[in-house]
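The values are calculated or read from the model by the stated rules, or taken from the named source; none is laboratory data. Just so it is clear, the structure is predicted and the values come from calculations on it, not from any experiment. A quick note on method: Cβ atoms are made from the backbone with ideal geometry, for glycine too, and the neighbour counts reach across all protein chains shown. Note: areas computed on protein heavy atoms with side chains; ligands, DNA, RNA excluded. Shrake-Rupley method; radii C 1.70, N 1.55, O 1.52, S 1.80 Å.
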Amino acid sequence: MKKSSSRAGGFWDDFPEWLGSSEGVQSMEAVDCVFNALDGARVDPSERRIIWPDGESLNIDQSVERIKKDSGFNDQVILSHLIGWLQMEYTPEGLDEEQMDRFENQIERWVEEYENGLHPASDS
């Protein structure tokens, strides 16, 4: 029987250390920046647009550029957190369970197609 290691090295074991690292601190600053920038924004998944509080309707790449102008973070860091916001943070108001399921499926298809380079005309 093998001896188990005293340190499993799994994600949750390493997370506190990473969080305290310069990379972790920068990532958390980027999360705050992206989420604050998107505060008050809405999502139109059928058109694949983020509707900013000022009414500007932007696709994912345009939204990354908008956030980058004011933040100084690189595109990939912003993109990662913007997609996280779309998938986990943004919650539209007034949807019943069936509508919410449909909304979440639209977001997942949008993100999957975006990440696979299948940018439809509405997201280019």
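Data for the structure
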{"quantity": "Nearest-10 value in Å² for the accessible area of residue 21, using the 1.4 Å probe", "calculated": "40 Å²"}
{"quantity": "Estimated FRET transfer efficiency (residue 112, residue 36; beta-carbon r; R0 41 Å; 0.05)", "calculated": "0.95"}
{"quantity": "Under-5 Å amide H pairs with residue 43, H placed in peptide plane, nonlocal only", "calculated": "51"}
{"quantity": "P(r) histogram, all alpha-carbon pairs of the range 24-65 included - 5 Å bins from 0, percent", "calculated": "6, 23, 27, 22, 12, 8, 2"}
{"quantity": "Filtered GluC sites (Glu not before Pro), the range 33-124: DSSP coil and at most 11 other beta carbons within 10 Å", "calculated": "93"}
{"quantity": "Point-to-point label distance, residue 44-residue 56, nm (Cα→Cβ direction, 7 Å offset)", "calculated": "1.6 nm"}
{"quantity": "Taking N as its residue count, the alpha carbon Rg of the range 49-99 over 2.2 N^0.38 Å", "calculated": "1.28"}
{"quantity": "Inter-probe distance in nm under a simple model that places probes 7 Å from Cα toward Cβ, at residue 100 and residue 76", "calculated": "3.5 nm"}
{"quantity": "J(HN,Hα) series, the range 101-109, from Karplus relation 6.51 cos²θ - 1.76 cosθ + 1.60, nearest Hz, glycine and proline x", "calculated": "4, 4, 4, 4, 5, 5, 4, 4, 5"}
